[in-house]
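Q: What follows is a structure written as structure tokens; I'll ask about it next.
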């Protein structure tokens, strides 16, 4: 009895072609929808209205943003891929003590001045939040 090969050359070509074709929808939707897979950004809102969008993923160095609205002042520092409220004229200064943020979903809020800084973008899947149980 003669044993044949499991796959012929043409079978391998067809399998590779099908694998490549299976990624076409991801590429098409990525271009059409404007996906930026490593993009995180900070969105600043004042009184619930959009104020500014700051890209954080590729940010290098230090930048400052001074916000002066309705006589209230806030100062924000963007350092590399983090953002932090460093000065505010609110009575409690809780927004300053919230520290720097850099992960998607984190936010700094100054309630008296109605300023919110929120990190948005693609959530990276890492194992930081692992729950072990018996």
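The values are calculated or read from the model by the stated rules, or taken from the named source; none is laboratory data. Because the structure is a prediction, the values reported are computed rather than measured. All Cβ positions, even for glycine, are placed from backbone atoms using ideal geometry, and neighbour counts span all protein chains on display.
Q: Exactly one condition in (1) touching a strand residue (DSSP E or B) at 6+ places or on another chain (Cβ under 6 Å); (2) free of Cβ contacts under 8 Å to residues at least 60 places away in the same chain; (3) part of a loop (DSSP other than H, G, I, E, B) is not met by residue 75; state its number.
A: (3)
Q: Could you look through the range 38-62, keep only residues that are part of a loop (DSSP other than H, G, I, E, B) and farther than 14 Å from residue 110 by Cα, and pick out the one that is modelled with the lowest pLDDT? Even if it seems obvious, please write down each step before you answer.
A: The first filter runs over the range 38-62 and keeps only residues part of a loop (DSSP other than H, G, I, E, B), leaving 38-39, 47-48, 56-61.
Within this subset, residues satisfying the condition of being farther than 14 Å from residue 110 by Cα are 38-39, 56-61.
Values: 38: 62, 39: 82, 56: 89, 57: 84, 58: 82, 59: 83, 60: 88, 61: 90.
It comes out as 38.
Q: Quick check on residue 65: is it over 23 Å from residue 122 (Cα atoms), within 20 Å of the chain's Cα centre (by Cα), free of Cβ contacts under 8 Å to residues at least 24 places away in the same chain and not in a loop (DSSP other than H, G, I, E, B)?
A: Values: over 23 Å from residue 122 (Cα atoms): yes; within 20 Å of the chain's Cα centre (by Cα): yes; free of Cβ contacts under 8 Å to residues at least 24 places away in the same chain: yes; not in a loop (DSSP other than H, G, I, E, B): yes.
Considered against the rule, which asks whether it is over 23 Å from residue 122 (Cα atoms), within 20 Å of the chain's Cα centre (by Cα), free of Cβ contacts under 8 Å to residues at least 24 places away in the same chain and not in a loop (DSSP other than H, G, I, E, B), residue 65 comes out as yes.
Q: Moving on. Please find, among 14, 96, 77, the residue that is modelled with pLDDT of 90 or more and closer than 27 Å to residue 122 by Cβ. I'd like the intermediate steps shown before the answer.
A: Working: 14 fails: closer than 27 Å to residue 122 by Cβ; 96 fails: closer than 27 Å to residue 122 by Cβ.
Within the list 14, 96, 77, the selection yields 77.
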